[in-house]
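*Asks:* One structure, pasted below without further comment.
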Amino acid sequence: MGVKSMFINDYVPEEYAKVFDCEDGLHIVRIGAVRVCNSKSGNQMLEVALSVEDNPVWYIERYVSGEYFNKNITRFFDAFGIQRGNFNFDTWKGHSAKAW
């Protein structure tokens, strides 16, 4: 049996909780705050607080220094319309992006 067949044969739909208590679909995500801290392993990390269309539940996105940091933070800059390499965190607040 091929890998694709395994997925097809083993798939059973399951219910899932809503993320951010909002419906699935396209939403506007805004940056609320940025904090520099350390991960559990001691690596430097950025924690970015994001709100989804004025929902009271905040989501924390983490960008940890290391192998994937440059790729992940570049994607973040592009998604939120922040100039690549702009680490002046105060200027990030209020930037928005579309998320699915």
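*Asks:* Residue 97: aliphatic (A, V, I, L, M), under 16 Å from the mean Cα position of the chain (by Cα) and open to solvent by 50 Å² or more (accessible area, probe 1.4 Å), yes or no?
*Replies:* No.
*Asks:* Now for a different question. Suppose we keep only residues that are among the aromatic types (Phe, Trp, Tyr) and touching a residue at least 40 places away in the same chain (Cβ under 8 Å) within segment 63-94. Which one would you say is most open to solvent (accessible area, probe 1.4 Å)?
*Replies:* Once the filter is applied, the top-ranked residue is 89.
*Asks:* Please enumerate the residues belonging to segment 19-62 that are open to solvent by 40 Å² or more (accessible area, probe 1.4 Å), of a type in the set (A, V, I, L, M) and under 16 Å from residue 99 (Cβ atoms).
*Replies:* Answer for segment 19-62, where residues must be open to solvent by 40 Å² or more (accessible area, probe 1.4 Å), of a type in the set (A, V, I, L, M) and under 16 Å from residue 99 (Cβ atoms): 19, 26, 28, 57, 60.
*Asks:* Can you give me the ranges of the strands (runs of 3 or more DSSP E) entirely in segment 34-100 with at least 2 residues that are touching a His at 6+ places or on another chain (Cβ under 8 Å)?
*Replies:* Passing ranges, in order: 96-99.
The values are calculated or read from the model by the stated rules, or taken from the named source; none is laboratory data. All values derive from a computational prediction rather than experimental measurement. When we count neighbours, we look across all protein chains shown, and the Cβ atoms used for this are built from the backbone with ideal geometry, even at glycine. We work out accessible area using only protein heavy atoms, side chains counted, and drop any ligands, DNA or RNA first. Shrake-Rupley method; radii C 1.70, N 1.55, O 1.52, S 1.80 Å.
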